[in-house]
Amino acid sequence: MRKLIIILLATSLLWIWQGSVIMAKTNISFWTTETQSERMKTIQLILDTFEALNDDIQVKLIPVDENDLPTQMAAASAAGNIPEVIEMGSELAVTFGSEGIMDFGAHEAVINKIGRDDFFKGALQLTTSPSGQAYALPYHGWVQGIWYRADWFKEAGLAPPTTWYNILKAAKHFNNPAKNKYGILIGTKPEGFAEQVFTQFAISNGAREFDADGNLVFNSDAMRETLEYYKELQKYTPPGPQTWRARDYYLQGKMAMFFYSTYIMDDLSLADVAKGSLTGENFDGLGGVGFDSNLVKNTKMVSSFKNTQDSSYGVIVTLGITKAKSASKTSAAKRLVRFMYEEDAYVTFLHMAPGGMNPVLRSMAQSDKFMNDPKGIFKHYGKDKISEIIGGLDHLQKFEIVEGKMFPASGEIFAQKIIPQMIYKTIFEGVSTQAAMDEAEAEMRKIINK
Amino acid sequence: MVIRRILQKTGFYFLILLVLLFTLFPFVQMLSTSLKHQYDWGNPSLIPQKLNWSSYSELLGLKKEEVKVPESIKRLLDNPKLSEEKRQKILARFTSTSDVFPFINYFINTLLIAGTAAAISLLFAVFGAYSFSRVRYRGRSGIQRGVLLTYMFGGVLLMVPLYQISVHVGLANTAIGSILTLVVIYVVQTLPVSLYMLGNYFRSIPESLEEAAQIDGCSRLKTIMLIIVPLSMPMLVTVYIYAFMIAWNEYLFASVFLKNFNEFYTLPIGLKSLFVSKNAIWDRIMAASILTALPVVFVFMTFEKHLIGGLTEGGVKE
Amino acid sequence: MASHPGSLAQQEARFGWKTVAPSLLLIALLIVYPVAYNLYLSFFEVKLSGQNEFVGFNNYFDLLSDRAFYDSLTVTVIYVIGSTLGTTLLGLGVASLMNHEFPLRGLVRGLVLLPYIAPLISEVFAWQFIFDPVNGIYNHMTVEVLGISDERVNLIGTPGNALLVVIIFDIWKNFPFAYLMILSRLQSINNDLYEAATLDGATRWQRFWHITIPELRFVVGAIVMLRFIWNINKFDEVFLLAPNVKTLPIYTYFTAFTGTIEQGLAAAIAVVQFLLLIGLIFLYIRRVLKW
């Protein structure tokens, strides 16, 4: 009996204690896809500073995994509590914008305040509706590339992976499952990563979702060829459905190439830090372990490759303001977004992941404050390489944009993971290439005809 | 003959070892990976090359590491409009390492939600089970069977309607409403079995004890409180803990109802969301898994005798 | 106080209803009502905006003409039968082992329960790591140490194999439940029965077959039924370990919450699942348990 009473008492006390937390005021919420705890910390600091400067506003930070974002938004809008500000990839901003969730007027106002001309044209294009309205504001961006073991390539006398032929040849060469070594990592799990990798291949073969007149041309010979090639490459990827997390295998020296964003520059620098802590007397105990202290030095990246044409792929991450319940919330959201573009806040944000988060404002790209990152990554890769990456953000090639025209349906196709599902089905569920493409095309039609 | 005995004995112990290996191996793996450095994950050996305690100290907020404050942050905070006090507060939050995985916070949330749900379930079940086992009225056995039938309604079957209902009632968009919904859901999930287990137990208490109390002038309610409850203490503890453990481990409903309220996450969803908190995650996630499992294992070991009795008598639902 | 039997019985009845009412009310509100509501939803196309459109039996027709539904049905049947049988048999085996005296028996009995009581989510991470195609110990053992297989496989990732892993995981997680119930029944079997049988010259196997099994019949029957019910409804174990194993509850979840959100169709799947469960339980009770 005593035990039980103690338990009950303790429980009610805890409720009261916790109750005081619930009573605290809340105002606007900020959803971010930067779920890593280190990054959350920096974002929290920016929000804290914003709150300190704006007594009347409280911002709540909520991390959402990028693959869950569409589902979470659907649930939140059903419950009537969508966040006021969202940090998300441009594809999702386009999707939510087409669904009428985003506040175009608010975006325009903030863009004009910052100065429209300061934004990279290519980045703005990805967030602007066919009728010229802003789905969201471009905030930062990354470029995708093939990262590879330059030392292995050199030793084997192989050319860098800049063409379909070279990629496949190298993947075949290095793949040796019996020794637990693999040629390449491409995305095959039904998640966003698969579409990101696949898109770059498709574009390098001239395959598109839409033509310039807006006709769905997904089911084309070029696309089929791409999917066949992708299936061939998958044979040299670690077994089973894989996503970006498999890059661990590269860091362990078990893989020759992997698709990844420029975010890896930050992760590799962490490996560099790890190396630092493992040298000296610590290192003796590590004999035989697959830790390569020269990995960072031996890693090179190719951001553009081709079959019939050059392709470069990347993602513009945006800040979006939703249609809020009240004018005061909208105004708070606008002030927050404006604040996040202020020089020091912006640099603080971008320096969370040097290389991975690159500015989309011309003025920032040339700023010395930005170039001087706290981890010294920019110095390591050199100013030219960084400028090249940032410059790439102005020329990203994506399904949404055909000959300068925006096709928002591509955003929704991305949100619903239609292409990743197609890849997964044809590789792992024994569906033929053509049948998988037909199915994907039918799903796309459903979206267009909605 | 002797050789045969020895062989039999060896075979027997071999089987016991095999069973232990099968049941414990995943836990050993968990512990092993939680203590490995990242460079060591690809190494199949269970023994870490070099012990890595950092995930534990990070998760428990024990890491006293100097956090470097980047230049841009210093400039950001060097704003005349910010008071020194506010500046220090913001910086303190940034440099503290305690909120990577607010383990203590999640722990308290889970304790609260599971503890409350189990207490309410127990309270309702005491009276309901008394009614089933002691009071005679028409329709009793009908309801009793009906209650057991609700055993068959699984989580996902209830998921969609419960979510829709809570949205319509307006409970889903506030933290307190969502927590309340969750508590009530856990109460209901455990109620049928609590009723059943307690009912069976009450039947084993001699009715003569109760009759004596009634002759002394006790009301029915008083009899329950003074005779039945004290006599069933072991079973009440069992039922409580059993209901508690279900709520403690529950994932599906918690993930749907608490998604937007991360300061009220329970351990299971906290753990699930921790998975995306770092790109190289295995040491951290395994350490958190160990930390999450420990309290349950501890409670169970403490109350093992009670629980095993209860589990076998009630046929526990999960 | 004068009272006639009728009013006493009435009083008794009133008291009975009063004490059970709170529980009934809650169950009605949170189980019976949702189930009814679910049935209702299954005849609608549910819109997130709240304006549902009545579509009659269309959701059911859609479902019955969808190949994915039949695939899901097959997966569910294999999963339920495999895990139920495995759990029960392993529980039976371990219980008969633990029924013997040996040193440290108390400790071992406690340890065997760990999978059942530790939080599911933490166990799932360990299992995923064990079966990792490149770094996991499973592939290391089968390929490099034992040489059973000559290529590494992603057991959890590939749909066909994942079902097998999920079944084994389920057995691992839940056999302690069967073991506990069987063990307590074993310990209550009167030893005289065995002694008498030994005197009659019965072998160990005969004793097991003719005494133990009949004594265990009801407890095993109950375990099979309970596991059957739970496993048909099981969501989190499958979803967290391998969401690519689409049993009916997983299929319902994906339909209701991802991609093109179709909660009406999801409700229809849930209804079909429930009917299936009721039907099978009825058959089981009539044919197998002969109750």
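Summary table below
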| read-out | value |
| --- | --- |
| Flag for A:ALA93 being over 25 Å from B:LYS278 (Cβ atoms) and without any contact (Cβ under 8 Å) to a residue 40 or more places away in the chain | no |
| Residue list for the range A:318-361, restricted to those being under 23 Å from B:PHE94 (Cα atoms), among the β-branched types (Val, Ile, Thr) and touching a residue at least 40 places away in the same chain (Cβ under 8 Å) | A:VAL337, A:THR348 |
| Checking A:GLY187 against (1) touching a residue at least 40 places away in the same chain (Cβ under 8 Å); (2) assigned to a helix (DSSP H, G or I); (3) among the small types (Gly, Ala, Ser), the condition it does not meet | (2) |
| From the options C:LEU186, C:LEU241, residue that is of a type outside the set (Lys, Arg), buried (at least 17 other Cβ atoms within 10 Å of the Cβ), closer than 30 Å to A:PRO190 by Cα and more than 9 Å from chain B (Cβ to nearest Cβ) | C:LEU241 |
| Filter result (modelled with pLDDT under 75 and in contact with a Leu (Cβ under 7 Å, 6 or more places away or on another chain)) within the range B:52-104 | B:VAL100, B:PHE101 |
| Test: residue in the range A:250-258 that is assigned by TED's automatic domain parsing to the domain that holds A:LYS181, buried (at least 22 other Cβ atoms within 10 Å of the Cβ) and without any contact (Cβ under 8 Å) to a residue 40 or more places away in the chain | yes |
| Single residue of B:PRO192, B:PRO206, B:PRO234 found to be over 27 Å from C:PHE177 (Cβ atoms) and not hydrophobic (A, V, I, L, M, F, W, C) | B:PRO206 |
| Residue that is nearest to C:LEU63 (Cα to Cα) [pool: residues in the range C:35-47 that are surrounded by fewer than 23 Cβ atoms within 10 Å (Cβ to Cβ) and within 25 Å of the chain's Cα centre (by Cα)] | C:LEU39 |
| Pick from the range C:100-157, criterion assigned to a loop (DSSP other than H, G, I, E, B) and among the charged types (D, E, K, R), ranking: nearest to C:ARG185 (Cα to Cα) | C:GLU101 |
| Hits in the range A:70-86 - residues which are free of Cβ contacts under 8 Å to residues at least 60 places away in the same chain and on the phi < 0 side of the Ramachandran plot | A:THR71, A:GLN72, A:MET73, A:ALA74, A:ALA75, A:ALA76, A:SER77, A:ALA78, A:ALA79, A:ASN81 |
| Members of the range B:159-183 that are in contact (Cβ under 8 Å) with a residue 24 or more places away in the chain and among the hydrophobic types (A, V, I, L, M, F, W, C) | B:MET159, B:LEU162, B:ALA172, B:ALA175, B:ILE179, B:LEU182, B:VAL183 |
| Of all residues in the range A:96-138 being without any contact (Cβ under 8 Å) to a residue 60 or more places away in the chain and in contact with a Phe, Trp or Tyr (Cβ under 8 Å, 6 or more places away or on another chain), the one that is farthest from A:GLU342 (Cα to Cα) | A:GLN133 |
| Options B:PHE244, B:PHE264: the member that is of a type outside the set (Asp, Glu) and closer than 24 Å to A:ALA75 by Cβ | B:PHE264 |
| The listed residue being over 28 Å from B:GLU250 (Cα atoms), of a type outside the set (Gly, Ala, Ser) and more than 14 Å from chain A (Cβ to nearest Cβ), out of C:ASP200, C:ASP236 | C:ASP200 |
| Tally, over the range A:417-448, of residues that are in a loop (DSSP other than H, G, I, E, B) and either within 12 Å of chain C (Cβ to nearest Cβ) or surrounded by 13 or more Cβ atoms within 10 Å (Cβ to Cβ) (or both) | 4 |
| Residue identified as of a type in the set (Gly, Ala, Ser) and at pLDDT below 95 among A:GLY320, A:GLY288 | A:GLY288 |
| Any hit, the range C:253-275, residues being more than 17 Å from the chain's Cα centre (by Cα), at the interface with chain B (Cβ under 10 Å from one of its Cβ atoms) and polar (S, T, N, Q) | yes |
| Test: residue in the range B:136-151 that is touching a Ser or Thr at 6+ places or on another chain (Cβ under 7 Å) and either crowded, with 18+ Cβ neighbours inside 10 Å or not aromatic (Phe, Trp, Tyr) (or both) | no |
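Condition check ((1) out of contact with any strand residue (DSSP E or B) (no Cβ under 8 Å at 6 or more places or on another chain); (2) more than 7 Å from every other protein chain (Cβ to nearest Cβ); (3) touching a residue at least 24 places away in the same chain (Cβ under 8 Å)) across all residues:
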| site | (1), (2), (3) |
| --- | --- |
| C:MET98 | yes, yes, yes |
| C:ARG105 | yes, yes, no |
| C:ALA126 | yes, no, no |
| C:ASN135 | yes, no, no |
| C:HIS140 | yes, no, no |
| C:LEU155 | yes, yes, yes |
| C:ILE168 | yes, yes, yes |
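Residues are listed down the side, and each one gets a yes or a no for (1) hydrophobic (A, V, I, L, M, F, W, C); (2) more than 30 Å from B:LEU274 (Cα to Cα):
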position	(1), (2)
B:PHE107	yes, no
B:SER121	no, yes
B:ALA125	yes, yes
B:ALA129	yes, yes
B:GLY139	no, yes
B:THR150	no, yes
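The values are calculated or read from the model by the stated rules, or taken from the named source; none is laboratory data. Predicted model, so just to flag it, every value in this text is computed and none were measured. Note: ideal-geometry Cβ built from the backbone for every residue, glycine included; neighbour counts use all protein chains shown.
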